[in-house]
Structures are given as C-alpha cells and as structure tokens.
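The values are calculated or read from the model by the stated rules, or taken from the named source; none is laboratory data. Just so it is clear, the structure is predicted and the values come from calculations on it, not from any experiment. Neighbour counts run over all protein chains shown; Cβ positions are idealised from the backbone, glycine included. All accessible areas refer to the heavy atoms of the entire protein, side chains included, with ligands and DNA or RNA removed. Shrake-Rupley method; radii C 1.70, N 1.55, O 1.52, S 1.80 Å.
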Amino acid sequence: REAGENQAGAVFLTRFRYPLPLPMSSSSLSLPRRLATRSGIALARAAARLPWQTQMRIGRQLGRRLMAVAHRRRRIAEVNLRLCFPELDEAKRGELLERHFESLGMGLMETAFTWFGRDAQFEGLARIEGLEHLDEALARGRGVILLSAHFTTLEIAGRLLARERRFHVLYREHKNPLFEAEMRASRERLFEKAIPRDDMRGFLRSLKAGHAVWYAPDQDHGIHHAVFVDFFGVQAAMITGTHRLARISGAPVVPFFPKRLAGDAGYHLRILPPLDRFPTGDVHADTQRISTLIEQAVRECPEQYLWVHRRFKTRPAGQRSPYDTP
C-alpha cells in the first residue's frame, strides 16, 4: 500500500508540474502516459475556471494529501528545515512543514490557474510595490536581470507581473517532450520569450536587446560555475551566474520577490531598487550577497519557499550529504 501511495504521489506531481495543453501525439511516450497526461491537463483546465478562493482551499487540501504520500520529498523538506531553523523545536518545525506542503498544493493550483485562467480572473489579486525601480533600470538600456528565487508562488507571480510589464524568463526544460513543447509555447505567450536554462547566449541577447529577464540562481546544480556561500548558516553551492551575467552585460540586477498573503487576500509582489555597486571584482562576495538577499526574502514567508529541493546536496570536500539515509 505504501509503495502504491508513493507511486501515486510521484505521478501526480509529474502530471501537474507544468499543467499545459498537449499535442495529439508523441512517439517517445507510451499511449497510457499520453492519456494520463491529457487527463491531468483536462482536470487542470477545469480547476482553473473555479473561483480563486475555491482553488486555494483545494490547494491546501491537496498539499496535506501530498505530505501524506510524497515521502521522499517530505523527508528532504524535513532535513532542510532542520538545517535552516535549528532554533525551532520539533513541534514548530512540524507546523512549518505542514504549512509548506499546503503552500506546495496551492502552488500546483496556481500553476494551473496561471496557464489556463482567464485574464479577468486576475484582476485585483496583486499589489505590486516598486515598479518604478524596474522602469528606472530598464531606462538604462542594458536590459535587467530580474533576480528572484524558487518560491511556490513562482508561476502566478510571473503572470501577475507580466500584466504590468513584459519580460523574458529563464526556465528548465522538461524531460517530457510534450510538456516541453507546450510549456515553452505558453510561457512565450505570457512572457514574450522563454529561454532554456543553459542558453546563456540567449539570456545575454535578451539583455542586449533591452529586455528584463527573470532569473533565479538559488538551486543546487553542482559545483560547476558555483561557489559555496552561507545560506541560513549552512554552506550551500550557488551558481555565480548573477555576477558573471551582470559583469558581461552591464545589466542592473533588480530583486523581485513574491508573497502569498494570509487569508486568501491575494499577493504582494515586491520589486527592490537595483543593486548598488554590483558586480564587484569579488565573485564570492557578490554571490554571498545574492544568497543573503534571498535568505532575507525567505524568512518573510518561510513556508512558501521550495524546501522539497535538495538545496544542500553538493557538499564541501569531506562532508556527507545531509540527505543520505543514515
């Protein structure tokens, strides 16, 4: 039974990772997988037509169910919270874990809503603070690195900001070719252009053309092009891309952090002034500055950060991964 629940949870997360319409066929996928994906997409489309508050209630329930069946992701989140919040006792960390999975479920509903919701449904959902900072940075003519992080509100925050200002997005290509084709088409519909994560030349071309490009450097992709920095008091590998891209392009770095408000009151999108005196000649100091900035944003709504990612999987020499089974 437990194995079946684990498999069901994994399938559910895979189907809803990027809930987008799919082409009619793909030779690389089995018929059952295509049918299962189309069923998931149909459900996501239907859910996106519900009132937003209803979607959020469903999302919280979904998150609680995921916490019960997604055992591996739950354990990863437990490890991360223990490392990052050692000052909390076990009961408090347990409460934070529950709120996090509720936030994950809400994020899944928000993803469907982002791609399939009608534009009128987004009216009045967001309060955006600091648009003048983005406008000022764009006026310099060198593009903008729109610095953010992997919050569970990532998808809906992008659509809400895109209603006010157009920008490009850097994204990770999906292994499912059907998802990949439709995800890219949908992102470009909303954000003008979607740039694969590894296409740094494409990123620089967008900056050179004067566009803002959404960028989140806070996931662990190994030590290649990364340095170890402090994140919640723990050494974490962070890519040095923000420093390198800003140095090569001359584009200002503008932090952008979303927050889902309590009581289903909508969203607060906060855009900060461009980073002053960035980059410097010290790549480690610049990368640590970015890590500290993201940590400050996470502390404002810790349950909304993506704790199910193995943020600390890459370790300094001689250190064991905290996610290894004892």
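Values computed for the structure shown
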read-out: Gained length - H71 relative to R99, 0.36 nm times residue gap less alpha-carbon distance; value: 8.5 nm
read-out: Heavy atoms of V227: accessible area, 1.4 Å probe, square angstrom to 10; value: 30 Å²
read-out: Loop trypsin sites (Lys or Arg not before Pro), the range 219-279 (other Cβ atoms within 10 Å of the site Cβ: 12 or fewer; DSSP); value: R277
read-out: Cα shape, the chain, gyration tensor, a/c 1.5 rule; value: rounded
read-out: Rounded, prolate or oblate (a/c below 1.5 giving rounded, otherwise prolate when a/b exceeds b/c) for the range 87-167 by Cα gyration tensor; value: oblate
read-out: The chain: calculated mean residue ellipticity at 222 nm from DSSP helix runs of at least 4, using -39500 (n - 2.57); value: -16000 deg cm²/dmol
read-out: 27 Å Cα cut-off, lysine pairs counted over the chain (separation 8 or more, or different chains); value: 7
read-out: Selection from V254, H100, T54 lying farthest towards where the dipole of the chain points positive, charges on Cβ; value: T54
read-out: Fully extended contour minus Cα-Cα distance, from L131 to R310, at 0.36 nm per residue; value: 61.2 nm
read-out: Loop sites in the range 44-145: GluC sites (Glu not before Pro), DSSP, at most 16 other Cβ within 10 Å; value: E87, E123
read-out: Which of S30, S206 is most accessible, then next, and so on - probe 1.4 Å; value: S30, S206
read-out: Given charges at beta-carbon only (K, R positive; D, E negative), |dipole| of the chain in Debye; value: 980 debye
read-out: Cα-based shape type of the range 213-313, given that a ≥ b ≥ c are square roots of the gyration tensor eigenvalues and the cut on a/c is 1.5; value: oblate
read-out: 3J(HN,Hα) from dihedral phi, the range 306-322, Karplus parametrisation 6.51/-1.76/1.60, rounded to Hz, x for glycine, proline; value: 7, 6, 7, 8, 6, 5, 10, 6, 7, 10, x, 3, x, 9, 8, 5, x
read-out: Additional length obtainable on full extension of the chain from D199 to A91, 0.36 nm per residue less Cα span; value: 34.5 nm
read-out: Lys/Arg +1, Asp/Glu -1 at C-beta; the range 206-321 dipole; positive extreme among T242, G222, T287; value: G222
read-out: Under the Karplus curve 6.51 cos²θ - 1.76 cosθ + 1.60, θ = phi - 60°, whole-Hz ³J(HN,Hα) for the range 250-265, x wherever Gly or Pro sits; value: x, 6, x, 9, 10, x, 9, 10, x, 8, 7, 7, 5, x, 6, 8
read-out: Loop-resident sites, the range 254-326, for chymotrypsin sites (Phe, Trp or Tyr not before Pro), counting at most 16 other Cβ within 10 Å (DSSP); value: Y323
read-out: Among beta bridges that DSSP assigns inside the chain, antiparallel share in %, nearest 5; value: 45 percent
